[in-house]
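Please read through the structure below; I'll follow up with questions.
The values are calculated or read from the model by the stated rules, or taken from the named source; none is laboratory data. Please read these numbers as outputs of a predicted model, since none were measured by experiment. Here the Cβ is made from the backbone with ideal geometry for all residues, glycine too, and neighbour counts use every protein chain on show.
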Amino acid sequence: MTKSSKANAKAASRKKVTELRLPALEIQQGPSRRLYTFGIDGKRVHDIATVSRVRRDTATELQGYQRPENLAHVSAIRRYIDTDASPMMPNAIVIAFDQRVRFEPSDTADATEGYARNGHLVIPLDPKLEDADKPGFIVDGQQRCAAIRDAQLDSFPICVSAFITDEPSDQRSQFILVNSTKALPKGLIHELLPGTLGTLPAPLMVRQLPATLLERLNFDPASALHRRIQTPTNPIGVIKDNSVLKMLENSLSDGALYKFRGDNNLPNVGFMTTFVSNYWLAVADVFADAWNKKRPRDSRLLHGAGIIAMGFLMDEIARRLPEELPAPDEFAAELKAIKDDCAWTQGVWHFTDDNIRDWNDIQNTPKDVKRLADFLLSRYRARTASPGRRRRTAKH
């Protein structure tokens, strides 16, 4: 091939490589770092960037840094994006570009305090490039990008924060820094849920109603659980918030609270709160010594296993009483039937003749919770099986 033909081939190759010009803000961070903030249709991110999967090469050298896609997480985000409730994704994804990407300041760029100027980020586009050869690597936000890629929307603009480097070690260090920060505590999320509006991811939507009930029970002075539930804003509580949430979720799913959801799933929160409070007022009365302990380790009634198991008993008692909203003394009368069978603070649990456990040997595990719940339910049913006792006749 002649020099002339080689030059023509190079020129033709350059013509095939188009450029994407995006309005961007360049921010000087420290003496040598420059960050770039811009918006882009999320559907186009995979045209300019890929994911650097962590792997070992043939020489066992570490390559890449990203974990595989979490399909369940991606699906949850995609469902949220595809809702009709104006989904919003305010947090930026992070992309590391190589030196093929450049920033061109605007002719009228006006530095702000000497550290920011506007212009365009120029990114080469070549549809023939393999993923590994694209100019950008997604440092943070791969699940969000995958969800947008798979969503039914035609477009979904997002924010991007980017930096330019040719060093994989630099990309990897930023990935570690971004992902090693402490996650938002679940307890704080649960406290925020009751006052949150708009569409949330499905797992959080499921917890919004029980979180609302927990808030009412914890901060209503008339509640049996007033200030008893430990949350970020009530650290002195003695009962773990997650235990109460699980108890409420079980009852809302197919227990006594289910029927209070109301028409069109509009829950009667006030009625639910009173119902649960009345039951735990009775628990506090019948098992006063165990209820008034200061720490869960001193009372299995305040322990996760005890709270959840007693929730199942609440549902069973409610099915047997004729009143839709039993008073505390009515709940108490039923609970007294099993008082002598409980070893909340001392003694042993006689689950079966060959399964006798020390009072404090019960752990907050699914197996122990089920064993304790089954024991309480079977003893209650046995103690209240006489023909003269009242039964709930109303259909749930």
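Looking at Leu129, is it surrounded by fewer than 17 Cβ atoms within 10 Å (Cβ to Cβ) and under 26 Å from the mean Cα position of the chain (by Cα)?
no
So is Leu281 under 19 Å from Arg227 (Cα atoms) and either crowded, with 22+ Cβ neighbours inside 10 Å or not assigned by TED's automatic domain parsing to the domain that holds Asp361 (or both) or not?
In short, no.
Here's something else I'd like to know. Looking only at the stretch 292-320, which residues are buried (at least 21 other Cβ atoms within 10 Å of the Cβ) and over 15 Å from Ile338 (Cβ atoms)?
Within the stretch 292-320, Ser299, Leu302, His303, Gly304, Ala305, Ile307, Ile308, Ala318 meet the criteria.
Can you pull out every residue in the stretch 314-329 that is part of a helix (DSSP H, G or I) and farther than 11 Å from Val283 by Cα?
If the condition is that a residue be part of a helix (DSSP H, G or I) and farther than 11 Å from Val283 by Cα, then Asp315, Glu316, Ile317, Ala318, Arg319, Arg320 are the ones that fit.
From Arg216, Arg207, grab the single residue that is within 22 Å of the chain's Cα centre (by Cα), modelled with pLDDT of 90 or more, assigned to a helix (DSSP H, G or I) and not assigned by TED's automatic domain parsing to the domain that holds Ile77.
Exactly one of Arg216, Arg207 is within 22 Å of the chain's Cα centre (by Cα), modelled with pLDDT of 90 or more, assigned to a helix (DSSP H, G or I) and not assigned by TED's automatic domain parsing to the domain that holds Ile77, namely Arg216.
Name the single residue that is surrounded by the most Cβ atoms within 10 Å (Cβ to Cβ) among those in the stretch 346-372 being assigned to a helix (DSSP H, G or I) and among the aliphatic types (A, V, I, L, M).
Leu372
Moving to a separate point now. For Leu266, state whether it is of a type in the set (A, V, I, L, M) and under 17 Å from Leu217 (Cβ atoms).
So Leu266 does not fit the description; no.
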